[in-house]
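Right, one structure below, let's go through it.
The values are calculated or read from the model by the stated rules, or taken from the named source; none is laboratory data. What you see is a predicted model, and the numbers here were worked out from it, not measured in a lab. Cβ placement follows ideal geometry from the backbone for every residue including glycine, while neighbour counts extend to all protein chains displayed.
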Amino acid sequence: MDLLQALGEAVAALKAPLGEDDRAQGWTDDLRREVQEELSVSRSVLRRHGTGMVRHLRPRFDEWMEHENVQPGRLRNLVGDVQRSLAEARTMT
């Protein structure tokens, strides 16, 4: 899966209302919107300016999730996958 596709899927998943499992893992509507917005901005930057801009993106979603006490689960795994994809893309540019 390419980086823009991964970002798009994460943005789409985070636009959907939270389920009971998501809330039990520590997600709130505000956190969901904030993370979705950050991912959406990153996606827009890469679309408009090219994937070479990935070296300027410094996502720290893992630290953010830890700070917010979000437990492992569907959305946290998805966000973690995007962060890893961004980090891998940075090493290739």
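Being charged (D, E, K, R) and farther than 11 Å from Leu3 by Cα is the filter; apply it to region 46-60 and report the residue that is surrounded by the most Cβ atoms within 10 Å (Cβ to Cβ).
Ranking the candidates gives Arg55 first.
Considering region 73-87 alone, what residues qualify as being under 17 Å from Ala24 (Cβ atoms) and either surrounded by 11 or more Cβ atoms within 10 Å (Cβ to Cβ) or touching a Pro at 6+ places or on another chain (Cβ under 8 Å) (or both)?
The answer is Gly73, Arg74, Leu75, Arg76, Leu78, Val79.
Restricting to region 3-24, give me the number of residues that are more than 11 Å from Leu75 (Cα to Cα), surrounded by 16 or more Cβ atoms within 10 Å (Cβ to Cβ) and not hydrophobic (A, V, I, L, M, F, W, C).
1
With region 1-53 as the region, which helices (runs of 4 or more DSSP H) entirely inside it contain at least 1 residues that are under 10 Å from the mean Cα position of the chain (by Cα) and modelled with pLDDT of 95 or more?
Output list reads 3-15, 29-49.
Return only the number of the condition from (1) surrounded by 15 or more Cβ atoms within 10 Å (Cβ to Cβ); (2) charged (D, E, K, R); (3) farther than 15 Å from Gly8 by Cα that Glu38 does not satisfy.
In the conditions (1) surrounded by 15 or more Cβ atoms within 10 Å (Cβ to Cβ); (2) charged (D, E, K, R); (3) farther than 15 Å from Gly8 by Cα, Glu38 misses (3) alone.
Given the conditions (1) modelled with pLDDT of 95 or more; (2) surrounded by 14 or more Cβ atoms within 10 Å (Cβ to Cβ), which single one is not true for Arg90?
(1)
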